[in-house]
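Laboratory data are not the source of any read-out in this text; all were calculated from the coordinates shown. Note that the structure is predicted; figures quoted are calculated from it, not measured. Virtual Cβ from ideal backbone geometry, glycine too; neighbours counted across all protein chains shown.
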Amino acid sequence: MAEDAGRARAALTAALARVGGALRDVVVGASGSDAYANYLAHQRRHHPDTPPLSREAFAVADQAARWEGVRRCC
């Protein structure tokens, strides 16, 4: 009986950890806080001979790409 409760508790803990990890991934992805890490990984894979931007330069370029120019149909 106690062994069954222990297994159930372990299964519940594992399920909650998976849900928590998925929630963290959604929040990090939606906030863009992983954008620089993704950029660095892309640079290493596809442009290893080009030095990456600093975090500050990347932030400026990222904001410019998001907000400069007209982004509507009319």
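The long axis of helix 55-67 is offset from the longest Cα principal axis of the chain by roughly 80 degrees.
Placing a label point 7 Å from the Cα of Arg44 along the Cα-to-Cβ direction, no residue of segment 1-27 has its backbone N under 14 Å from that point.
For the chain, the longest principal axis of the Cα atoms and the long axis of helix 2-31 meet at an angle of about 10 degrees.
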